[in-house]
Amino acid sequence: MDLTSFVFGDYADFLAGISRYILPVLAIIIVARCVRSMLRERYEPETWAYLYLPGEIMVPLRHWECIIGRARSADACIRHDSVDKLHACLIRSATGEWTVYDLGHGETQVNGETAGPGGLAIRDADVLTLGDVPARFVDLTEEERASLLKYRHKPGRLVRPSATLLLLTAFQILLTLQQMVYNSDADALCALAFGGYCLFQWVYFIVLRASGQRGFEVEQLAFFLSSVGLSVAVSSVPGAVLRQIIFLGAGIGLFLFFGIWMRDLRRMKSLRLPALIAALVFLFLNLVLARVTYGAQNWVQIAGFAFQPSEFVKILYIYAGAATLERLFVNRNLFVFIGFSAACVGALALMNDFGTALVFFVTFLVISFMRSGSFATVFLAIAAAALGVFLVLTLKPYVIARFQTWGHVWEDVYNTGYQQVRAMSAAASGGFFGQGAGNGWFVDIVAADTDMVFGVVCEELGLLTGLACVASLLGLAGFVVKNAADRKSVV
């Protein structure tokens, strides 16, 4: 008697069939609860100082780094013709000292002394002159800030995370059931992997709850997506389940480590240059040691483990880019980042990994816009990239051939359109509710479990579950956009 029959008896097939319809519903409810809770949360930024303008107008300074100007995008907006769109920058140090920097126009003064790009200290009751507008700077003490906290709006009532975690546990149990019924290659290791992962997420929740953590929506969405990914791994390469669990555990460990490490702003700043150097080293390893897989030189194998160094570069790239935002007005920071971006994209082009190069370029556009607030800067970068794309397509014409195939996949279903046609066919055969985890044929197509995971998910778990996965990613992106501006440099 196998494990499935021992646990579920003669009802295994019946339960697995019913679970096909329950699983997508659970996926939608889990994602909806998490996204709803994340988007309902209201964050009221703490006020650190004020600028008192003529007419008793108070302009709050709510970040450790505040851009002052006439533009709506400025952190402290002062509507006056003599004030430039981005006029000056006020920065608070970790020890509480404030410094004002002129953004290149020489019309910023503190008590009559001109503040240049090198900065000038500003203290409580000093007069900051911006163009023709005098403003008295008022720095708040800890006691004054504490009194203001009493009047901050409380965040909206969040969805109970324990209930969402129970739903997620039920989702994982149904995934395990389907794999053990439909997948002949899945054995007790599958149940052990899902059981261990489920246990770990409950331990994680209990420990962080005991430490005072309130919101778990981001982690729960990550657990949900990882569960779907683990199911895809069991369907395609059951023997690699243990390795997948190890990498999941390592990822969660790094998440916890960086969550603690990044609380020290000064420590984070000190790692900007090492992060940039580490990224270049990873790219060099990619170029020297990686083997060519499906036309791209991106996989390195060490001690039986294959990994892509460029995946680590993505994290380091964003870290180094975010470091340039710490001093928005220093052109040197942006120029270094532009050179770094060019090196990364150039190395990825040499590896023929143009998909990752596109991800890097879009990230560069976002960081450049956040730094400058100028669409002209973004358009200039896009124009330069268009020239680069033209050169790539001229030197590597097979790249444009792959793009052209997307619109004509049915014209050559056994050659250029092979994967796309089968991905669409598999997704269509899954319908809304799927064939069941481990019960699909698309996993046998080359690179289905790496490059075309969405097709596997839609076939086995249904279009509704696939859309829930997409919605969870959009929810995370929306949460970041919603909170990034408010939480800026505040610790």
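The values are calculated or read from the model by the stated rules, or taken from the named source; none is laboratory data. These numbers come from a predicted model, not from an experiment. Here Cβ is always computed from backbone atoms with ideal geometry, including for glycine, and neighbour counts include all displayed protein chains. In case anyone asks, the SASA skips ligands and DNA or RNA and just uses the protein heavy atoms, side chains included. Shrake-Rupley method; radii C 1.70, N 1.55, O 1.52, S 1.80 Å.
Observations, loosely collected:
- Entry note, the stretch 113-258: relative contact order of 18 percent, from Cα contacts under 8 Å with a spacing of 6+ residues.
- Solvent accessible area, Å² - ARG62, 1.4 Å probe, full protein context: 100 Å²
- Here HIS80 sits with roughly 80 square angstrom of accessible surface, probe radius 1.4 Å.
- Estimated at 0.36 nm per residue, the fully extended path between LEU285 and THR114 surpasses their Cα-Cα distance by 56.7 nm.
- Placing ARG123, ARG136, ARG40 in order of accessible area, with the largest value first and a 1.4 Å probe, yields ARG123, ARG136, ARG40.
- Gyration tensor (alpha-carbon) shape descriptor, the stretch 65-112, a/c threshold 1.5: oblate
- With every protein chain in place and a 1.4 angstrom probe, the accessible-area ranking of ILE277, ILE260, ILE68, largest first, reads ILE260, ILE277, ILE68.
- For the set PHE200, PHE479, the ranking by accessible area, highest first and with no ligand, DNA or RNA atoms included, is PHE200, PHE479 under a 1.4 Å probe.
- Modelled this way, with points 7 Å down the Cα-to-C-beta line, the labels at ILE173 and LEU189 are 2.6 nm from one another.
- Computed with a 1.4 Å probe on the full set of protein chains, the accessible area for PHE258 sits at about 90 Å².
- Counting 0.36 nm for each residue step from ASP13 to GLU144 and taking away their Cα separation leaves a gain of 40.6 nm.
- Extension reserve of the ILE260-LEU39 stretch, reckoned as 0.36 nm per residue once the Cα distance is removed: 77.1 nm
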